[in-house]
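Participant: Supplied in structure tokens, the structure appears directly below.
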Amino acid sequence: MSGSAWLVAVVLFAVSTCFSPGPNNLMLVTSGAKFGLARSWRHIWGVALGFPLMVAVVAMFLGAVFQALPVLHDVLNILGAAYLLYLSWKIIMAGGSIEQGDAGKPLSFTEAALFQWVNPKAWVMATGAIAAYTTTAGYTAEVAGIVAAFTAVGIASSLTWAGFGTLIARFLNTPARMRAFNITLGVLLIASVLPILLARTPVP
């Protein structure tokens with residue numbers, strides 16, 4: 001896969017996963033709606049920077065494992081691509097609407113950053129990105145690119161969900177609207193997986 005195609009795939013994956021509804025974004029919607037943008041900044045930065053840090057830490061551990069067992073990387077790569085297709089289907093088939101949670105006060109930077117380590121979606125995103133979008137040859141540079149992409153997209157996503165929390169919550173308050181939103185995100189996720197599958201297709 002060429003460098004530009006790889007970058008497009010990573011960014012599409014980051015956009016589709018960071019912007020899709022999940023624990024982080026539902027909490028940011030709630031914080032933005034209840035406390036406003038000014039009081040949600042620590043929460044926003046905790047998510048936007050805490051997750052890329054988690055990716056870097058997980059990647060360092062997996063890097064040592066891949067060096068010892070190179071074949072494991074290929075296995076995880078294939079499994080990662082398969083899971084991303086499954087995740088695309090789950091997002092497209094999801095319905096319902098965003099429901100605001102109950103929060104007594106905005107999360108601090110530390111609380112939001114530490115939340116990533118108990119967030120199942122964050123683990124899926126981190127391990128999926130590392131397994132699907134890295135190679136043993138360019139591992140360090142590719143991990144750096146993934147971290148950079150998640151940082152940039154994560155900041156935009158966190159600002160969007162918190163800053164427009166009330167608006168988003170109102171707009172996605174019907175199953176039809178939520179389904180249209182999920183279909184869009186699911187298609188983006190499929191688009192991010194296709195370059196990986198095409199790169200593994202033998203040339204006749």
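The values are calculated or read from the model by the stated rules, or taken from the named source; none is laboratory data. Computed from a prediction, not measured in an experiment: that's the story for all the values here. Positions of Cβ are generated from backbone atoms using ideal geometry, with glycine treated the same way; all protein chains shown enter the neighbour counts.
Participant: Tell me which residues, restricted to region 1-34, are touching a Pro at 6+ places or on another chain (Cβ under 7 Å) and part of a loop (DSSP other than H, G, I, E, B).
Facilitator: Result: 1, single match.
Participant: Checking the structure you have, find out if any residue of region 126-145 is assigned to a helix (DSSP H, G or I), of a type outside the set (Phe, Trp, Tyr) and at pLDDT below 80.
Facilitator: No, every residue in region 126-145 fails to be assigned to a helix (DSSP H, G or I), of a type outside the set (Phe, Trp, Tyr) and at pLDDT below 80.
Participant: What residue, among those in region 1-60 that are surrounded by fewer than 21 Cβ atoms within 10 Å (Cβ to Cβ) and of a type in the set (Phe, Trp, Tyr), is modelled with the lowest pLDDT?
Facilitator: 35
Participant: Every residue in region 104-125 that is of a type in the set (S, T, N, Q), more than 13 Å from the chain's Cα centre (by Cα) and part of a helix (DSSP H, G or I), please.
Facilitator: Passing the criteria: only 110.
Participant: What number of residues in region 57-86 are in a helix (DSSP H, G or I) and either touching an Asp or Glu at 6+ places or on another chain (Cβ under 6 Å) or over 20 Å from residue 16 (Cα atoms) (or both)?
Facilitator: So the count comes out to 19.
Participant: Select from region 148-177 the residues that are within 14 Å of the chain's Cα centre (by Cα), surrounded by 21 or more Cβ atoms within 10 Å (Cβ to Cβ) and of a type in the set (Val, Ile, Thr) and list them in ascending order.
Facilitator: 153 - this is the single residue of region 148-177 that is within 14 Å of the chain's Cα centre (by Cα), surrounded by 21 or more Cβ atoms within 10 Å (Cβ to Cβ) and of a type in the set (Val, Ile, Thr).
Participant: Filter region 114-147 down to the residues that are within 21 Å of residue 32 (Cβ to Cβ) and either of a type in the set (Lys, Arg) or in contact with a Pro (Cβ under 7 Å, 6 or more places away or on another chain) (or both), then identify the one that is surrounded by the most Cβ atoms within 10 Å (Cβ to Cβ).
Facilitator: 119
Participant: Does residue 101 fit the bill of being at pLDDT below 85, of a type outside the set (Val, Ile, Thr), at negative phi and part of a helix (DSSP H, G or I)?
Facilitator: No, not satisfied.
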